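Participant: Below: one structure in structure tokens.
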Amino acid sequence: MTFATATAALPATLPPAAFALRDGALHCEDVPLSRIAERFGTPTYVYSKASILAAYAGYAEALAGQPALVCYAMKANPNLAIVNLLARQGSGFDIVSGGELQRVLAAGGDPAKVVFSGVGKTEAEIEAALAAGILCFNLESIAELEVVERVAARMGRRAPVSVRTNPDVDPKTHPYITTGLKSNKFGVAYADTLALYQRAAASAHLEVVGIDCHIGSQITEVQPYVDAADRVLDLVEALEHEGIRLRHVDFGGGLGIAYRDETPPAPGDLIRALRERMQARGHGGKTLMVEPGRSIVGPAGALLTRVILLKHGETRNFAVVDAAMNDLMRPALYQAWMQVLPVQTGNGVAARYDVVGPVCESGDWLARERDLAIAAGDLLVFTAAGAYGMSMASNYNTRGRAAEVMVDGSLVYEVRRRETVEELMAAESLLP
Ligand code: LLP
């Protein structure tokens, strides 16, 4: 057995501001996490409303005085309460499916502020988006341009389009979440972009409205954005030379958050750098757009889980918890490091643990080699889990997905109740 000597009385790393220790107990805003666990059970995703609003305001305030639109990339967390909260702030949305469009509409979002990204939009999805009157289709290939054109012609409409160009800059992030390099499936090769615009501009059923790019995710520096912006603005100028004028320039999402020891720029720093490039090059009058996902909801969310039992193995100690890879897939998929903290300090003997779920896969781990002073029955919390946590959850091992709650000061709202096994089986049927 490898017991660590240090007593983990206090967490080594501090949780994001929305989650703070008060009198030895972790709170979300004014609510002790232990109370949420009692009332809603575990595993449960907990979101801080104030944190979401502050992150959105970080973008919006830095954009004041500039024609601009923030399109929240709802793949990060598409919960209706979150979409509605952001819609009420005036946010637009970056969607990647017809399902996400339905969520925007159901949550009271404005379709005229929706951009539709993704490499494989189906005809049915394009039709629904055109009927809803979205702001723009972000085209990712010539083949897709032709499908959008065909659907628009059939409907007697002109589809607003932008071309997602690949600026081929290195965002210096994990290879699985790098999207702006030549080798990715995303976007149109930089050298081919002009030709696509000429094709679109000549079409009676397409209306060129903007240009977009997205270079990756969890980016912790401003410089790759500035490099990408310059490449994109070079294209904007080449297009103007050809008589093709754009209304908006969309720099995508990707701003990183602090999971461990990263020090990403604040949204305002990123926006100021992008505004400066737009202005310096004489494009300050165009609408500046961004598509942030993780930086809006990531720090605002945490996954609350309970220790089922402690298992002391030959070479490792395991804390088996009631959350698993189906609830939080980032560690299994990207070897992502997620901070885990005890909700209440002072229980158990300190030891070094792998925190794992009950799913039957060796890949089902949530954190490795963490020094924790815990006992069976204790509550743990994974912080900075508001983005790509619940949105990537599955039902593997017939596990209903976690509940989701939103904290607003001292109030707690259930924004998605825990899924039941009956619901999981409801769409299935036996053979006759
Ligand atoms: N716009 C486009 C076109 C995107 O593909 C993405 C994310 C975003 C915006 C939002 O990026 P964000 O601001 O959230 O970084 N599941 C991975 C992240 C995948 C990101 C995919 N695209 C993770 O858990 O790290």
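The values are calculated or read from the model by the stated rules, or taken from the named source; none is laboratory data. Keep in mind the model is a prediction, meaning the values are calculated, not measured. Every residue, glycine among them, receives a Cβ derived from its backbone with ideal geometry; neighbour counts consider all protein chains shown. Just the protein is used for accessible areas: all its heavy atoms, side chains included, with ligands, DNA and RNA removed. Shrake-Rupley method; radii C 1.70, N 1.55, O 1.52, S 1.80 Å.
Participant: What three numbers, in Å, describe the spread of the alpha carbons of region 65-192 along their principal axes, ordered from the longest?
Facilitator: Largest to smallest, the principal-axis extents are 38, 38, 31 Å.
Participant: Could you size up the charge dipole of region 30-167 around its Cα centre, putting +1 on the beta carbon of Lys and Arg and -1 on that of Asp and Glu, and report it in debye to the nearest 20?
Facilitator: In debye, rounded to 20, region 30-167 gives about 240.
Participant: Same structure, new question: In the Gaussian network model of the chain, springs joining C-alpha atoms below 10 Å, which of R418, R39, R103 carries the largest mean-square fluctuation?
Facilitator: R39
Participant: Which of the listed residues, T398, F93, I82, is farthest toward the dipole's positive end in the chain, when Lys, Arg count +1 and Asp, Glu count -1 at the beta-carbon?
Facilitator: Result: I82, furthest along the dipole toward the positive end.
Participant: Another one. Could you rank E242, E61 by how accessible they are, 1.4 Å probe, largest area first?
Facilitator: E61, E242
Participant: Please compute P(r) over all alpha-carbon pairs of region 366-422, binned at 5 Å starting from zero, and give each bin as a whole-number percent.
Facilitator: Histogram of Cα-Cα distances, whole percents per bin: 4, 12, 17, 23, 20, 18, 6, 0.
Participant: When the dipole is taken about the Cα centre of the chain, and only Lys, Arg (+1) and Asp, Glu (-1) are charged at their Cβ, what size is it in debye, to the nearest 20?
Facilitator: I would put it at about 320 debye.
Participant: Over region 339-397, what is the relative contact order in whole percent, taking alpha-carbon pairs under 8 Å and six or more residues apart?
Facilitator: Averaging sequence separation for qualifying contacts and normalising by length gives 43 percent for region 339-397.
Participant: In terms of the Cα gyration tensor, with a ≥ b ≥ c the square roots of its eigenvalues, is region 242-333 rounded because a/c is under 1.5, prolate because a/b exceeds b/c, or oblate?
Facilitator: Prolate.
Participant: Given the peptides 52-58, 247-253, arrange them by the average over their residues of other C-beta atoms within 10 Å, most packed first.
Facilitator: Most protected by this proxy first, the peptides run 247-253, 52-58.
Participant: Now, a different point. Expressed as a rounded percentage, what relative contact order does region 329-432 have, with Cα pairs under 8 Å and six or more residues apart?
Facilitator: Once normalised by length, the contact order is 23 percent.
Participant: Then there's this: What order do you get for 93-100, 275-282 when each peptide is scored by the mean count of other beta carbon atoms within 10 Å, highest first?
Facilitator: Peptide ranking by packing, descending: 93-100, 275-282.
Participant: At 1.4 Å probe radius, can you tell me the per residue accessible area of the chain in Å²?
Facilitator: Heavy-atom accessible area per residue stands at 41 Å².
Participant: For region 244-305 and region 320-379, compute the distance between their C-alpha centroids and round to whole Å.
Facilitator: 31 Å
Participant: Treating region 289-426 as a set of equal point scatterers at the Cα positions, no solvent, please give the Debye-formula log₁₀ I(q)/I(0) at q = 0.15, 0.19, 0.21 Å⁻¹.
Facilitator: Calculated log10 I(q)/I(0) at the listed q: -0.77, -1.17, -1.36.
Participant: Sort all Cα-Cα distances of region 217-263 into consecutive 10 angstrom bins from zero, then give the percent of pairs in each bin up to the one containing the longest distance.
Facilitator: 24, 39, 23, 11, 3
Participant: Can you compute the charge dipole magnitude of region 328-429 about its Cα centre, using +1 on each Lys and Arg Cβ and -1 on each Asp and Glu Cβ, nothing else charged? Give it in debye, rounded to the nearest 20.
Facilitator: That gives a dipole near 200 debye.
Participant: What share of all Cα pairs of the chain, in percent, falls into each consecutive 10 Å distance bin?
Facilitator: 4, 21, 29, 23, 14, 7, 2, 0
Participant: Tell me, what % of the accessible area of the chain is carbon and sulfur with a 1.4 angstrom probe?
Facilitator: Its accessible area is 53 percent carbon and sulfur atoms.
Participant: Comparing E221, E314, E237, which has the greatest mean-square fluctuation in the GNM of the chain with Cα pairs linked when under 10 Å apart?
Facilitator: E314
Participant: Label region 39-92 by shape, choosing from rounded, prolate and oblate, from the square roots a ≥ b ≥ c of the eigenvalues of the Cα gyration tensor; if a/c is under 1.5 it is rounded, and otherwise prolate applies when a/b is larger than b/c, oblate when it is not.
Facilitator: Because a/c hits 1.5 or more and a/b exceeds b/c, region 39-92 counts as prolate.
Participant: Only Cα pairs under 8 Å and at least 6 apart count here; give the relative contact order of the chain as a rounded whole percent.
Facilitator: 21 percent
Participant: Can you give the angle from 0 to 90° between the axis of helix 267-280 and the longest principal axis of the chain, with both taken from C-alpha atoms, to the nearest 10?
Facilitator: Once rounded, one gets 20 degrees.
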